[in-house]
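The block underneath contains the structure these notes are about, expressed in structure tokens.
The values are calculated or read from the model by the stated rules, or taken from the named source; none is laboratory data. Everything numeric here is computed off the predicted structure, so don't read it as measured data. Note that we place each Cβ from the backbone using ideal geometry, even for glycine, and neighbour counts take in every protein chain shown. SASA here: full protein model, heavy atoms, side chains in, ligands and nucleic acids out. Shrake-Rupley method; radii C 1.70, N 1.55, O 1.52, S 1.80 Å.
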Amino acid sequence: QDRDMRGLAFQQIREEIPGERATKRLAAVLPELAPEAQAGLLEALGDRRDAAARPAVLEMLTSKQDLVRAAALRALGNLGTEAEVTLLADQAAQGSPPEQEAARQSLVRLRGDSIHGVMAAALDKGTPAVQVEILAALGGRNAKEVVPKIFDRAKSQEPSVRLAACAALRLLADEKDTAAMAALLNSAGADEERRKCELALLALCSRGREACVAALTAAFTDAPRESRLVLLRAGHEVVAVAGPH
């Protein structure tokens, strides 16, 4: 019952008791513990990064306690597979506040070569709220290979999805995407969406520098007045960073 003693035990579980057999024995204890101890053991099992704990962690998602479910979701960041992408995205979109935070962290931390592809595919099937969470996770994961898919979502009928896509592009788009980003800016409607596109374009240009100039110039010709001001600002920042030639 002593928190300090439990903390010492969890440290030992993380660092001093290796092996799959130990992981399975520890996971089997979960149903016998009080909620606070369950949460602590779940996080310790997650830190072990032993996939043998994954079935027991998934079972704890049915707990009646928020802190236990949140701890299980957090553990999946180290133990989950592509099979948990949808589960985590759903919880990030509609769970309790502790579950949402834990699921968002785990979506960013999931490991595996196929994770980005699975997330990109889920953008075609998820609700708008789920798409928003996946787009945020892709941005946090630096998933540059799915930028074309994110541009597709930036044209969604759902305003929340368009905004989330622009936020992800601010992190991921590079100089070869300048023309597509300028086109999004030119077609943006609401002020908030225009501002998100502006921030994404400026961030892109700060990374791409001179390589963005030709596309900015081409986009300027048919751009509406509001977009021209942004394009001029982007061009000015490129020149300022690059220096005189």
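The figures follow:
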read-out	value
The range 147-186, relative contact order in percent, only Cα pairs under 8 angstrom and at least six apart counted	38
Shape category assigned to the range 95-143 from the gyration tensor of Cα positions, a/c cut at 1.5	oblate
Separation of alpha-carbon centers, the range 31-50 and the range 126-160, rounded to whole Å	32
Solvent-accessible area per residue, Å², over the chain with all protein chains present [probe radius 1.4 Å]	51
20 Å Cα-Cα reach of LYS176 towards lysines, excluding residues that sit fewer than 8 places from it in its own chain	LYS144, LYS149, LYS155, LYS196
Qualifying lysines (Cα of each under 26 Å from Cα of LYS24; at least 8 residues distant if same chain)	LYS64
For the range 120-207: rounded, prolate or oblate by the Cα gyration tensor [a/c cutoff 1.5]	oblate
Near-label residues of the range 34-64 by backbone N, under 18 Å of a point 7 Å along Cα→Cβ of ALA83	46, 49-62
Relative contact order of the chain, pairs being alpha-carbon contacts under 8 Å that are 6 or more residues apart, as %	11
Sulfur and carbon atoms: percent of accessible area, the chain [1.4 Å]	52
Coil-residue GluC sites (Glu not before Pro) of the range 1-72, DSSP, other Cβ within 10 Å capped at 13	GLU16
Loop-located trypsin sites (Lys or Arg not before Pro) in the range 141-222, at most 16 other Cβ atoms within 10 Å (DSSP)	LYS155
Helix-only [θ]222 nm of the chain, DSSP H runs n ≥ 4, -39500 (n - 2.57) each, per residue, nearest 500	-22000 deg cm²/dmol
